[in-house]
1. Please go through the stretch 247-275 and give me each residue that is within 23 Å of residue 316 (Cβ to Cβ) and more than 26 Å from the chain's Cα centre (by Cα), ordered by number.
2. Only one residue in 287, 300, 316 is within 15 Å of residue 156 (Cβ to Cβ), part of a strand (DSSP E or B) and open to solvent by less than 20 Å² (accessible area, probe 1.4 Å), so which one is that?
3. I need the full set of residues from the stretch 292-314 which are over 22 Å from residue 241 (Cβ atoms) and either of a type in the set (Val, Ile, Thr) or more than 13 Å from the ligand (Cβ to nearest atom) (or both), in order please.
4. Look at residue 310 and say whether it is over 21 Å from residue 141 (Cβ atoms), modelled with pLDDT of 95 or more and open to solvent by less than 50 Å² (accessible area, probe 1.4 Å).
5. Of all the residues that make up the stretch 202-211, how many are open to solvent by 20 Å² or more (accessible area, probe 1.4 Å) and either within 18 Å of residue 338 (Cα to Cα) or near the ligand (Cβ under 9 Å from one of its atoms) (or both)?
6. Here is a check on your reading of the model: is residue 213 farther than 23 Å from residue 286 by Cα, outside any helix (DSSP H, G or I) and aliphatic (A, V, I, L, M)?
7. Answer yes or no: is there a residue in the stretch 61-82 that is closer than 24 Å to residue 222 by Cβ and under 19 Å from the mean Cα position of the chain (by Cα).
8. Could you grab the pairs with beta carbons closer than 8 Å, sequence gap of 6+ or different chains, first residue in the stretch 339-350 and open to solvent by 50 Å² or more (accessible area, probe 1.4 Å), second one in a loop (DSSP other than H, G, I, E, B) and among the aliphatic types (A, V, I, L, M)?
Amino acid sequence: MSVTPHDVERVRRAIALATKGRFAVEPNPVVGCVLERDGRIVGESWHADYGGPHAEARAIETAGEAARCATAYVSLEPCTGTAKKTPPCAEALHAAGVRRVVYAAADPSPEMSGRGAARLGDLGLEIEGPVLEAEGAAILAAFRRAVRARRPWVVCKWAMSWDGRIAPGPGRGAMLSGPRAARFVHDLRGRCEAVAVGVGTVLADDPLLTCRLEGGPPDARPQPLRIVFDSRLRLPVESRLLRDGGGPVLVVTARGDRARREAVEATGAEVWEHAGDDGRVDLAAALERLRAERGVRRLLVEGGARLNGSLLRDGLVDQVSAIVAPRILGGSGAPGAAEGTGFRDLESAPRLTDVAWRPLGEDFLLQGYVSG
Ligand SMILES: NC(=O)c1ccc[n+]([C@@H]2O[C@H](COP(=O)([O-])OP(=O)(O)OC[C@H]3O[C@@H](n4cnc5c(N)ncnc54)[C@H](OP(=O)(O)O)[C@@H]3O)[C@@H](O)[C@H]2O)c1
C-alpha cells in the first residue's frame, strides 16, 4: 500500500500533538502518535514527560482493544532496543496488534536511525516513512542539540516580578510566585535527575531543593541530586541542605580549603573541585562530569542571578522556564534574572525560540529554548 494524502494528513496531526511535549520531555524527543482503524481515530497521544511513557504507549492505552489492526501515524520513527527506561515502541506496537506504521521523520541520532523501521519490518508490520521528513525534523531541533551535547539538558527556572527582578535586594530572598507555581516547581524538580543553585541562593534563601509533592516525586522517582556551585566553600554546614536530609548533596568548588572541605564532607555531602580561569567553578567541566559520572541528563538550575548569568554567557542553558509574578519590585539594587558580565550587544545575546506561555494560578509561565 502506498502513502495517501489521508496518511499525510494524519501524520501532520501526529506532528501537531508532538509539540505538546515541548519543554517537558527534553533531552528526549517530542513525539506524537495517532491510531486509526477503519478511517476513525481510535487513540492518540504524545510523549508528555521526561522519563514517562512514550507517545505510542500512551496512544495504545487510550485505544485499548481498538489498537488491534490499526494504523499508527507517528511523528518520529518508533524506537527499538532494550537499553531504555521505557519499553521500546516498535515492540509495543507489534504487541498491541497494530498492522501498519506511517512515520514523519527518521530518528536523527546516528545509532538509532533506521533501526526502529527495520525492527517493525522484521516483526511483520507494514511500514512507510519518512513521509514528511522536513516537517517532522523541524520539531526535533532541541533533540538534535541534546544528542550532540556531552552535558545534561539544562533548564533555567526563575520567578521574577513584572519588572524582571528575582529578589527585592542583593542577598534577600522572597517568595514571589503563588501556590500553583510552587506545585509546578516541585513537579519539575521531581522530573529532573539533579537540581542546582549557586551558593548565593543558599546564603539568601536556605532552600531544601527537594520535590515536596504529596507522595513524593512523580511516578515514584528518586529525589534529585542537589548541587551547589560554591567557588570558595562558603556553604554553611548548618544550612538546611546539609542538615535536613532529603537526598544526596554535591558541592562543586573551585578552591575550597581543606578544613572547609572536610567539614562539608563530614555532613555526608560529596565535594568536586573544578576551577575555571576566573577563579570560579568551571561550569562546563562540571556539567560534563555530571553527565558522564552521574548519568544526569536533565538538570534544573534554580538560580540565582550570577549563576544564571554565567551559564547563559557560557552557552550552557538549553531552556528557560520563567515564572512571572504580578508584582513590581523596582529598585536599582534588586537583581535581575541573569547578572554578571552580560552580553556586549544584541547580536551576541541569546534569543529564545518556540516561545510558549500559560497561566499558573495568578502567575504566568513563559518558556523558550535558548538559541545557539
Ligand atoms: N526568584 C527566583 O527565582 C530566585 C531563585 C534563586 C535565587 N534568587 C535570589 O537571587 C539572589 C542570589 O543570587 P546571587 O547571584 O547572589 O547568587 P547565586 O547565583 O545563587 O550564587 C552565586 C555564587 O555562586 C558561586 N559560583 C561558583 N561558580 C560560579 C560561576 N561559574 N559563575 C557564577 N557563580 C559561581 C559564586 O561564589 P563565589 O562568589 O564564592 O565565587 C557566586 O557568588 C538571592 O537574593 C536569592 O533570593 C531568586
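The values are calculated or read from the model by the stated rules, or taken from the named source; none is laboratory data. In this text the structure is predicted, and so the values were computed from the model without any measurement. So basically every Cβ, Gly included, is an ideal-geometry build from the backbone, and we count neighbours across all protein chains shown. Ligands, DNA and RNA are stripped out before the accessible areas are found, and what is left, the full protein with its side chains, is counted by its heavy atoms. Shrake-Rupley method; radii C 1.70, N 1.55, O 1.52, S 1.80 Å.
1. 254, 255, 256, 275
2. Numbers: 287 fails: part of a strand (DSSP E or B); 316 fails: part of a strand (DSSP E or B).
Exactly one of 287, 300, 316 is within 15 Å of residue 156 (Cβ to Cβ), part of a strand (DSSP E or B) and open to solvent by less than 20 Å² (accessible area, probe 1.4 Å), namely 300.
3. Within the stretch 292-314, 292, 297 qualify.
4. Details: over 21 Å from residue 141 (Cβ atoms): yes; modelled with pLDDT of 95 or more: yes; open to solvent by less than 50 Å² (accessible area, probe 1.4 Å): yes.
When the stated conditions are applied, residue 310 passes them.
5. Start the filter on the stretch 202-211 by keeping residues that are open to solvent by 20 Å² or more (accessible area, probe 1.4 Å), which leaves 203-208.
Retained after the next criterion (residues that are either within 18 Å of residue 338 (Cα to Cα) or near the ligand (Cβ under 9 Å from one of its atoms) (or both)): 203-205, 207.
So the answer is 4.
6. On the way: farther than 23 Å from residue 286 by Cα: yes; outside any helix (DSSP H, G or I): yes; aliphatic (A, V, I, L, M): yes.
So residue 213 fits the description; yes.
7. No, the stretch 61-82 contains no residue that is closer than 24 Å to residue 222 by Cβ and under 19 Å from the mean Cα position of the chain (by Cα).
8. 343/349; 350/317
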